[in-house]
Structure formats: C-alpha cells, structure tokens
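Below: the structure, in structure tokens.
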Amino acid sequence: MLNTATIVAQWFELAGIAAIILGAVLATVQFGLSLLRGQVQRGAEGRDGVLPAFRRTLGRSVLTGLELLVAADIIRTVAVEPTLNSVLVLGLIVIIRTFLSFSLEVEIDGRWPWQQRKDSAAD
C-alpha cells in the first residue's frame, strides 16, 4: 500500500510539473504567433490584448500545477509518512501555495475569487 501511495504521489508531482511546463510552452507559442500576426498593436493594454492573454494562460497553468503538487504532498503526507512533523510541514506548504494561488488568481482575473465579476455585477 505504501509503495502504491508513493507511486501515485510521484505521478501527481509529474503531472503538476508537466502542467506548468506545457502551459508555459503553450502561452509562449500563442504569444509568438500573435506577434507574428501583428496583433500586438491591437488592444495590447486591454483585457483582450496579447500580453494579458499570455499572462492568463501562464497563470492558469501555474495554478493547475500548484493544485496537483498540493495533492501529491497530501497523498505523501497522509499515506506515506504520517508524522506530526510531516503534517506540520504539509500545513506550511499548503498555506504558502494557497497564498500563491490567491495571488495568481487576483493577477489573472483582477479580483479576489469570492468577488463577483465586473460583468455579472450589472446583471
């Protein structure tokens, strides 16, 4: 059972790393294609601009990767080495990653996750 949990945790870690890397590559390719098409001048500063789209794609991939890495940490801590020290370390890791996730969410959407979207406030 421990061996299986370790393998599952490693797969989650690999998936988290892959999500970040693939998201960064995808965001960079999309940004490069937009540059080649000359779309930078059109709305570069607005919500639909090329740079904000790059940052959104990259930020979402980092968020996805962080969530998968937290899942790996939880599996490893709960199933593999359930000591008080490892639980405290897990708690600290989750707090740090949660802060990073909230920061990225604000950076991507321009609002806290619990706030209404600006477009839905008019509904």
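Every number in this text was worked out from the coordinates using simple rules, so none of it is lab data. As the structure is a computational prediction, the values presented were derived from the model and not from experiment. Cβ atoms come from the backbone with ideal geometry, glycine included; neighbour counts cover every protein chain shown.
Brief remarks on what is shown
- Compared with the alpha-carbon gap, the fully stretched path from W114 to I7 is longer by 35.0 nm at 0.36 nm per residue.
- Simple label model, 7 Å out from Cα along Cβ direction - A24 to V78, nm: 3.0 nm
- Projecting the Cα atoms of I96, L51, V25 onto the charge dipole of the range 2-121, computed from C-beta unit charges around the Cα centre, puts L51 farthest toward the positive end.
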